[in-house]
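The values are calculated or read from the model by the stated rules, or taken from the named source; none is laboratory data. Keep in mind that what you see is a predicted model, and the values were worked out from it rather than measured. Here the Cβ is made from the backbone with ideal geometry for all residues, glycine too, and neighbour counts use every protein chain on show. Surface areas here come from the heavy atoms of the whole protein model, side chains and all, with no ligands, DNA or RNA. Shrake-Rupley method; radii C 1.70, N 1.55, O 1.52, S 1.80 Å.
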Amino acid sequence: MKKDYSFQKKNTLFFILLIFLIPILSYSQDNSVCLGCHDDPDISMEKNGKQIPLQVKKYTLPRSVHKDIKCIDCHKGYNPDEIPHKEGAQPVNCMISCHKEPFKNHLFHPRMMNANGMSGSVDINCKGCHRYHDVMSPKDPRNPMHFVNSTQFCGDCHKSQQQDHIQSEHYIEVQQNNPNAPTCVFCHQNPITKGYPLDRAQLKVNQEKLCLHCHLKGQGAQSQFAKTLVAYNQSVHGQAILRGNKNAAVCVDCHGSHKLQRASVPTSTINRFNIANLCGKCHKDVSMEYLQSTHGLALQKKSPDSPNCTYCHGEHNIQKLPDVPPRVFEETHIRHSTYVRNKMVFCIACHADAKLMAKYGIATVQKAHDWLPNKAVHWEAVRCVDCHSSYAPPNLSHLILPPEKTVKKCEQCHAKNSILITKLYKHEKRLSREKYGFINGTILSDAYVIGTTRNIVLDTISVIVFVLTIGGVLIHGSLRFLSKKKKGKM
Amino acid sequence: MAKLYLYPVWLRLWHWVNAFLFIVLITSGISLHYSATSSLFLPFNVAIVAHNIAGILLSINFVYYVILNVETGNYRYYLPTAKNFVRNMLLQTRYYVWGVFRGEPHPFETSRKEKFNPLQKLTYFGIMFFMMPMIVVTGWLLMFPELAPDEIAGMGGVWPMAVVHAAVGFFLSLFMFGHIYLATHGDTVGSNFKAMFTGWHIHEGHDDEHGPDDQHFDDYDYYQSL
């Protein structure tokens, strides 16, 4: 039997050809071929009158995240036999073949939405941050963009934010390699900055949600980070932001966006000595009044016991009632509910503490009101601030006066022409306009000091004069009628 | 029979709006004054809103009245005449307390030159140029108390405003009763009321007629010549 060797011959020929073709086909794809020239530190080219170095170190690419990529995958259409390798060569565009949707991973730089990745400032240019051949994985701790290093990396451009952030509690956690510590990208990958096409109120809602995401373990559950945060949504600020008030304070407005420090740090915005200035950013008038008050002045002298805004108003609307010894209620015969209703409990908590008051040479609330007749009635009807604050517009209770300037004369309250009532009336009118707007607040205001025009003498005289007038008219009219009738008969 | 067109449309409009607002203000004002002890006429919350709204409208109406008076020269009718002032007053008073019962004619007949008798002039002058501004200004200060002084002679600044406002209001309400009664002293009880609706003052005894078509009547020159 004759063997057919034609098939074997064909295969042998094919393999021989393949042995020659492989080097030919793979010649231009091998990075070592490119690096044969480009590893030379002297290699450069002239462009627009400038010498541009063209060296790529031998181990740069193999150590990068692009180690499996060939030079020509990015430098497409380059011919190694010709110099330059390509006519009209353009810079490498990462977004053409591989990274087609870069915005997904770069939400922290919202301007990148419309970027081409090739030109423009560093925040919209791939190479601005990722550089050239030494691109590293963001998970690689050697990467300057790794979360541990991001403060330094981003801070190259965002210097003031960097300075703030390195003083923050968040940065301390980052330094301790806490994987849950928020870094630049952790927060800024959310739509929280004005670079996003969102209205201010929505941005603030997003900011609030971002903070609460970590600081609150679900609705109504406090986390280890903020014990007083549970009822933030019920607070006046939380409610305002839910109503879409773009000026409502959210977390960062008080705590700062980057320099988030513990309250115990003296430079913290929420340090007890800085609270009045912090609240005064929005509540200017109140803050100014407070700072002039006896408490504000004491606080400025660094008195550790002087109450500040949050002492009465709470931190995140948590108004835990201060502890007042039961003895105080027994001595003064004031109902606990009255104290709570009138907010006097905040004053009493300190001012009934004999030890604390002795420290500052102040009489306790009981001793200071020995002179006051009908104490029980006064306690029920009059709040501490009614007598102890200036009653100067626009607010009634923040300029707490020293004892010598407080209301102490009976007629200051018990007279219809009292200066106190004048100020209260003015306050009510102003409040009405603030609440209902200028026109409605003016027309619909029911502010009126009942009885202010009453005077027993004037009232009596006016009734007599009125009766006489009506009587006079009736008599005169009757006489006219009678005389006319008489004349008619004649 | 004399027929005089004395009350132009703008004046009648002002007069009746003013009359309506006076009634609202007096009713609500009395309700507010006595609101501490009783609920006269209107409940407190209705009275205060009614008083606020009517007060604002009265002020606007008063400004309208002042502008039109200056514009037309109508204010000259109100200026008391110095000549024979006391004698004229006595004559008019004598008529009201004596002459009217004896069927005597009015001592000062209404004419195009003299719309009002001397007593009317004095009263209207005082009301329109003193009492009305006083009640309007004090009313606005009560509405915007921040514009009122904090203290007046050691008293709260609002209280004197309130007392002046109430006192002037009382005198104005007395005036309204007197005004309505004295308006019955025309040729007939209703003739003056009718005149204030039609604009025509009709008086028996003369055959004369001057109407709005009469040359110069509504003209500025005519008022200037008064």
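When B:R76 is tested against (1) surrounded by fewer than 16 Cβ atoms within 10 Å (Cβ to Cβ); (2) within 14 Å of chain A (Cβ to nearest Cβ), just one condition goes unmet, and that condition is (2). Every condition in (1) within 38 Å of the chain's Cα centre (by Cα); (2) in contact (Cβ under 8 Å) with a residue 40 or more places away in the chain; (3) open to solvent by less than 50 Å² (accessible area, probe 1.4 Å) is met by A:I334 except one, and the failing one is (1). All of (1) at pLDDT 85 or above; (2) in contact with a helix residue (DSSP H, G or I) (Cβ under 6 Å, 6 or more places away or on another chain) hold for A:S432 with one exception: (1).
Annotation: of all residues in region A:438-455 being outside any loop (DSSP other than H, G, I, E, B) and within 7 Å of another protein chain (Cβ to nearest Cβ), the one that is farthest from the chain's Cα centre (by Cα) is A:I443. Only one entry in B:L57, B:L68 is surrounded by fewer than 18 Cβ atoms within 10 Å (Cβ to Cβ), part of a helix (DSSP H, G or I) and either of a type in the set (D, E, K, R) or within 11 Å of chain A (Cβ to nearest Cβ) (or both), namely B:L57.
Applying the condition of being touching a residue at least 12 places away in the same chain (Cβ under 8 Å) and in contact with a Leu (Cβ under 8 Å, 6 or more places away or on another chain) to region B:141-165 and asking which residue is farthest from A:H427 (Cα to Cα) yields B:H165. Within region B:166-177, the set of residues being under 17 Å from the mean Cα position of the chain (by Cα) and either more than 8 Å from every other protein chain (Cβ to nearest Cβ) or in contact (Cβ under 8 Å) with a residue 12 or more places away in the chain (or both) comprises B:V168, B:G169, B:F171, B:L172, B:S173, B:F175, B:M176.
Screening region A:366-385 for residues that are within 44 Å of the chain's Cα centre (by Cα) and outside any helix (DSSP H, G or I) and picking the one that is farthest from A:F346 (Cα to Cα) gives A:H369. Would you call B:S35 hydroxyl-bearing (S, T, Y), more than 19 Å from the chain's Cα centre (by Cα), outside any helix (DSSP H, G or I) and farther than 22 Å from B:Y77 by Cα? Criteria met by B:S35. Selection of region A:244-297 for residues being among the acidic types (D, E) and at pLDDT below 90 yields A:D285, A:E289. Each residue in region A:192-206 was checked for being open to solvent by 50 Å² or more (accessible area, probe 1.4 Å) and part of a loop (DSSP other than H, G, I, E, B), and 4 pass.
Summed over region A:92-142, residues that are of a type in the set (D, E, K, R), in a loop (DSSP other than H, G, I, E, B) and within 19 Å of A:K194 (Cα to Cα) total 0.
Going residue by residue through region B:193-212, is there one that turns out to be farther than 30 Å from A:K426 by Cβ, modelled with pLDDT of 55 or more, of a type in the set (S, T, N, Q) and not in a helix (DSSP H, G or I)? Among the residues of region B:193-212, not one is farther than 30 Å from A:K426 by Cβ, modelled with pLDDT of 55 or more, of a type in the set (S, T, N, Q) and not in a helix (DSSP H, G or I), which makes the answer no.
The condition (being surrounded by fewer than 16 Cβ atoms within 10 Å (Cβ to Cβ) and within 14 Å of another protein chain (Cβ to nearest Cβ)) is satisfied by just one residue among B:N45, B:N84: B:N45. Yes or no: A:V286 touching a His at 6+ places or on another chain (Cβ under 9 Å) and within 27 Å of A:K159 (Cα to Cα)? So A:V286 does not fit the description; no.
For every residue, the table says whether it meets (1) modelled with pLDDT under 80; (2) at the interface with chain B (Cβ under 8 Å from one of its Cβ atoms); (3) surrounded by 11 or more Cβ atoms within 10 Å (Cβ to Cβ); (4) part of a helix (DSSP H, G or I).
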| residue | (1), (2), (3), (4) |
| --- | --- |
| A:V407 | yes, no, yes, no |
| A:Y425 | yes, yes, yes, yes |
| A:V457 | no, no, no, yes |
| A:S462 | no, yes, yes, yes |
| A:F466 | no, yes, yes, yes |
| A:R480 | no, yes, yes, yes |
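Just a yes or no: is a residue in region A:36-46 surrounded by 14 or more Cβ atoms within 10 Å (Cβ to Cβ) and part of a loop (DSSP other than H, G, I, E, B)? So far as region A:36-46 goes, yes, one or more of its residues are surrounded by 14 or more Cβ atoms within 10 Å (Cβ to Cβ) and part of a loop (DSSP other than H, G, I, E, B).
Taken over region A:177-199, the residue count meeting the criterion of being polar (S, T, N, Q), in contact with a helix residue (DSSP H, G or I) (Cβ under 6 Å, 6 or more places away or on another chain) and closer than 18 Å to A:G155 by Cβ is 1.
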